[in-house]
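Structure, as structure tokens:
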Amino acid sequence: QVQLVESGGGLVQAGGSLRLSCAASGRTFEINNMGWFRRAPGKEPEFVAAITWGGGTTNYADSVKGRFIISRDNAKATVYLQMSSLKHEDTAVYYCTASPNVARPDDKTGYVYWGQGTQVTVSS
């Protein structure tokens, strides 16, 4: 089992920045892929960003490209999501995800482990 704990959410004004962190524990040696998804009220979870644990290959949703950066610290088993130029429509609960392997990094069904989520609220 792998446990994921997110932190760093909060309330920010439009145009501001936040950095989310996700600390993994347990059988972290299983992990090859980690990602972030978000769920706005009344909507389905949507892909935000993903990164491979080894090579650091990244993928982003079109809606966040150029504004969000995903990174990882292998030694700390932690993945980060640096969010800049935040918009009201970025408001959502953000979930950290992890999996041994995924066929598509933007497919939520491929991720085995999920954190509890952290709320990000962007005021307009």
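The values are calculated or read from the model by the stated rules, or taken from the named source; none is laboratory data. Remember, predicted model here, so these are calculated numbers, not experimental data. Cβ atoms come from the backbone with ideal geometry, glycine included; neighbour counts cover every protein chain shown. The accessibility values were calculated without ligands, DNA or RNA, using every heavy atom of the protein model including side chains. Shrake-Rupley method; radii C 1.70, N 1.55, O 1.52, S 1.80 Å.
Tabulated results
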| item | result |
| --- | --- |
| Filter result for VAL64 (of a type in the set (A, V, I, L, M, F, W, C), open to solvent by less than 10 Å² (accessible area, probe 1.4 Å) and over 23 Å from GLU30 (Cβ atoms)) | yes |
| Residue match in segment 76-83 (condition: among the basic types (Lys, Arg) and either open to solvent by 50 Å² or more (accessible area, probe 1.4 Å) or not in a strand (DSSP E or B) (or both)) | yes |
| Pick from segment 108-124, criterion assigned to a loop (DSSP other than H, G, I, E, B) and under 13 Å from the mean Cα position of the chain (by Cα), ranking: farthest from ARG38 (Cα to Cα) | TYR111 |
| Residue tally, condition of a type in the set (A, V, I, L, M, F, W, C) and over 11 Å from the mean Cα position of the chain (by Cα), over segment 49-60 | 1 |
| Subset tally (residues that are in contact with a helix residue (DSSP H, G or I) (Cβ under 8 Å, 6 or more places away or on another chain) and open to solvent by less than 90 Å² (accessible area, probe 1.4 Å)) for segment 99-124 | 6 |
| Residues (in a loop (DSSP other than H, G, I, E, B) and closer than 18 Å to CYS96 by Cβ) located in segment 13-53 | ARG27, ILE31, ASN32, ALA40, GLU44, PRO45, TRP53 |
| Residue in segment 86-107 that is nearest to ALA14 (Cα to Cα), counting only those that are in a loop (DSSP other than H, G, I, E, B) and not charged (D, E, K, R) | LEU86 |
